[in-house]
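Structure, as structure tokens:
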Amino acid sequence: VAIRLRRAYWTSWWAQVILTVISSVTLLFARSVMNAVKTNSSGQTVQTAPGGFFFAGSGIALSYLSIIWTWGGTRLSRRLRRNSTKPYSRIKAANTIRRAVTIGAALNLLGMLVTLIGAEQIVGLLAAKILTMQGVTPFGGGVGSLGLTTQSIQPLDILIVQANTNTLLSHFLSLGCCLILTRSVHLLDPPSVEEDER
């Protein structure tokens, strides 16, 4: 069981590190470019709308927390495997793994929720950008009412969507590994068939 735990946590850790670092670099690049002041066709300086950076950044921060938690899971597998002086009982090992899996799953579910909210915000801003390009003014305001410029969707907007999608995939893969580990817990300490009397 300790070997299965180690493999699942290492797979999850590497997938999360790669996807989260790529997302972080992409989002930081997009943020720095979007912060640059742009000049529109009439010579006025305008700022482009932020593309859901708060929720996307929060999803990345939760992904980094999940990476740290997953690293702790790899350390747990090492403790379970090498603890020969005072070995864990099956039930104590199952409870320890169950706690680690539960917290990891909750952390990744929260990260997925925040990242999905960020995705909704990003898609909403891109839809508003397209509508203002076609002359439709959302909520009856002018083109500048939402802080949007009348420019087309830029490749940078797609990078923001990609960064958010990578973060979402990072949380999903880690959650999948947590769910796979529940099988290991059931092998160590199967659930009771009889009902507990209270």
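Residues of region 96-116 falling in the label zone of Thr182, defined by backbone nitrogen less than 14 Å from a point 7 Å along Cα to beta-carbon, are 98-109.
Ordering Ile122, Ile130 from largest to smallest accessible area (1.4 angstrom probe), what's the sequence? List each step's numbers first, then the result.
Working: Ile122 5, Ile130 65 Å².
My answer, sorted largest first, is Ile130, Ile122.
What the Cβ-Cβ distance of Trp14 and Gln134 gives, at R0 = 35 Å and to the nearest 0.05, is a FRET efficiency of 0.20. P(r) tail, region 70-134: Cα-Cα pairs separated by more than 15 Å, 68% of all pairs. Label-to-label distance, Leu156 versus Leu116, with points set 7 angstrom from Cα along the beta-carbon direction: 3.0 nm.
The values are calculated or read from the model by the stated rules, or taken from the named source; none is laboratory data. What you see is a predicted model, and the numbers here were worked out from it, not measured in a lab. Virtual Cβ from ideal backbone geometry, glycine too; neighbours counted across all protein chains shown. We work out accessible area using only protein heavy atoms, side chains counted, and drop any ligands, DNA or RNA first. Shrake-Rupley method; radii C 1.70, N 1.55, O 1.52, S 1.80 Å.
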